[in-house]
Amino acid sequence: MSPLPQPAAGGGNPQPILRKFKAGEYLFHEGDQSKSLFIIKKGSIGIHKRKAGGYVELGKVHQNEVLGELTFFDRQPRSASAVALTDVEVMELTFASLEKIYAGIPAYMKTIMAALAERLRKTNELVKRLQREVVTDKDIAALEKKKPEEKPEDNVETLLAEAPPKK
């Protein structure tokens, strides 16, 4: 991971703002408009999406990891919620302060970054859709009961024993 940005004396670099959250406090909610990204200085944050009366955990971010960067590139609402799992300290970088640096990036790099952000957002949506279609243990048990009788040729051990040796 790269080091945390440091405040610049001359104002040329983004000015991070130190923010603290207690365990259980939200940094932001899914669907919120965003104005900043965060670099975790201390603690752990859980990332989750809404799902039929509950939430699905997508992952966790820890010290020196970045959070909320997706919305900087595509300006879409937050794709997930972020909640402090422990007491957390973050360096918040506003999009306004990052715009000064972003303005100097070549247009082709902006296109690449926007495409990556869009691809990641689509992947997040695909995961959300697939999670709705997850097969439960009860479903598997029901399928096991309907399983046809196994024939010797369907048995993996039989197939492996009959396979010609590798040369």
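The values are calculated or read from the model by the stated rules, or taken from the named source; none is laboratory data. Since the model is a prediction, treat every value here as computed from it, not as a measurement. Cβ: placed from backbone, ideal geometry, glycine included. Neighbour counts: every protein chain shown.
Please indicate, with yes or no, whether at least one residue in the range 34-46 is modelled with pLDDT of 95 or more, in contact with a Ser or Thr (Cβ under 7 Å, 6 or more places away or on another chain) and part of a strand (DSSP E or B).
no
Would you confirm, using the coordinates I've provided, whether Lys60 is charged (D, E, K, R), modelled with pLDDT of 95 or more and part of a strand (DSSP E or B)? Full working, then the answer.
Details: charged (D, E, K, R): yes; modelled with pLDDT of 95 or more: no; part of a strand (DSSP E or B): yes.
When the stated conditions are applied, Lys60 does not pass them.
With the requirement that a residue be under 17 Å from Val127 (Cβ atoms), touching a residue at least 60 places away in the same chain (Cβ under 8 Å) and more than 11 Å from the chain's Cα centre (by Cα), what does the range 38-77 give you?
Looking only at the range 38-77, we keep the residues that are under 17 Å from Val127 (Cβ atoms), and these are 46-52, 54-61, 70, 76.
From what is left, the residues that are touching a residue at least 60 places away in the same chain (Cβ under 8 Å) are 49, 51-52, 56, 58.
Of everything in the range 38-77, those that are under 17 Å from Val127 (Cβ atoms), touching a residue at least 60 places away in the same chain (Cβ under 8 Å) and more than 11 Å from the chain's Cα centre (by Cα) turn out to be Lys51, Ala52, Val56.
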